[in-house]
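The values are calculated or read from the model by the stated rules, or taken from the named source; none is laboratory data. The structure presented is a predicted model; accordingly, all values stated were derived computationally and were not measured. With ideal geometry, Cβ positions are generated from the backbone for all residues, glycine too; neighbour counts draw on all protein chains shown. Keep in mind that these areas ignore ligands, DNA and RNA; they rest on the heavy atoms of the full protein, side chains included. Shrake-Rupley method; radii C 1.70, N 1.55, O 1.52, S 1.80 Å.
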Amino acid sequence: MAVSERLRLPSLDRATEWLNSGPLDPAELRGRPVLVNFWTLTCINWLRQEPYVRAWSQAYRDDGLVVLGVHAPEFAFEHDIDGVRRAVEARGIDYPVAVDNDYGVWTAFDNHYWPALYFVDADGVIRDHHFGEGRYERSERVIQRLLGVERDPVPVKGLGVEADADWDHLRTPETYLGYARAERFASPDDATYDATHAYELPESLPADHWALGGEWTIGSENVVLDRPVGTLGFRFHARDAHLVLSPGTRDPIPFRLLLDGAAPGSAHGDDVDEDGNGLLREGRLYQLVRQRDAVRDRTLEITFLEPGAEAYVYTFG
């Protein structure tokens, strides 16, 4: 049923855990407008949206707004509650978060997207929604109408991985690595699924293609390095390059990044130093590259020095 058919805020009782709050229900929230934000901790689109949601929560809390986060995991490792807690702390989220590991709240909303915003009035009726990034000023105006206030929009400037994408120069699409959704694989040998296989990097990569070097297992949602040393290569065109990674059950895994065959220097991302050194400590999105000069085609190679590294999806900004 579409939001336009005046759905009411559904029950939240299928959340598996709550952070920053005890369990909440629609009756308890009645009388206050509510902004519901579906997210998952590795989603770059949510990470770039979150500064706005955080700012709205702080700016309109005294006017009666309740912001409610719903964490619904995309990847298996995102079910780990400690990982969600780390993300809440890292993002400075102080509003209630329903942990939705069984997708009960997701299903009750008939939601299909990360991130998703649902705007609920004081009577519990969903008045508007928005999926994905953008539309920030209009969304804030919706909040103001629900609260009965009118003022200038809150100034927001995302920093680091939360910074708005450089849309004018973003040409490379999000690229999943697990075979369920993988595209544009360019290692010379065909991919082998659910079994260890030795791959080689090609001499050069076509635009927007990726490849493996070393012994990897390509699974349905990720690629996993089985023996040291292993490399992931990608040819991209964007200011920022990110990769969702997890060490699995292993200790922290050191890695080295090369950009066009050399250390990244000033083009290093938040999770890499100028020499290209990084450490895979936990499951999350890692910012590998932020080009601070003119954006151009680049070849990224990330080499893991120990086995166990799990790679899920490249995203760009």
Next item on the list: Could you check how much of the accessible area of the chain is carbon and sulfur, as a whole percent, using a 1.4 Å probe?
Entry: 45
Item checked: Cα long-axis angle, helix 81-90 against the chain (0 to 90 degrees, to the nearest 10) -> 80
Margin query: If packing is taken as the average count of other Cβ atoms within 10 Å, what order do 144-157, 57-70 fall into, highest mean first?
Written below: 57-70, 144-157
Item checked: Paramagnetic reach from Val229 (point 7 Å along Cα→Cβ, amide N under 20 Å) across the range 286-317 -> 288-289, 299-311
Next item on the list: Please work out the C-alpha center-to-center distance from the range 225-242 to the range 64-121 and express it in whole Å.
Entry: 28
Next item on the list: Sketch the reach of a paramagnetic label on Arg250 as a point 7 Å from Cα along Cα-to-Cβ, and name the residues of the range 283-317 whose backbone nitrogen lies under 19 Å away.
Entry: 283-288, 301-314
Note to self: Starting from 0.36 nm per residue, how many nanometres of slack lie between Glu89 and Asp152 once their C-alpha separation is accounted for?
What the structure shows: 19.8 nm
Margin query: Quick check: Cα centre of the range 23-62 to Cα centre of the range 243-317, how many Å?
Written below: 30
Next item on the list: Per DSSP H run of at least 4 residues, take -39500 (n - 2.57); add these up for the chain, divide by its residues and hand me the 222 nm value, nearest 500 deg cm²/dmol.
Entry: -4500 deg cm²/dmol
Check: How much area per residue is accessible in the chain when the probe is 1.4 Å and only protein heavy atoms are counted (Å²)?
Finding: 44
Notebook entry, point to check: Over the range 3-148, what is the mean sequence separation of C-alpha contacts under 8 Å (at least six apart), divided by residue count, expressed as relative contact order in percent?
Noted result: 39
Note to self: How much length would be gained if the chain were fully extended between Arg171 and Asp13, taking 0.36 nm per residue of separation minus their Cα-Cα distance, in nm to one decimal?
What the structure shows: 52.7 nm
Item checked: Cα gyration tensor shape for the chain, rounded if a/c is under 1.5, else prolate or oblate -> prolate
Next item on the list: Show me 92-98, 26-32 ranked by packing, highest mean number of other Cβ atoms within 10 Å first.
Entry: 92-98, 26-32
Check: Relative contact order for the chain using alpha-carbon pairs under 8 Å, separation at least 6, rounded to a whole percent?
Finding: 17
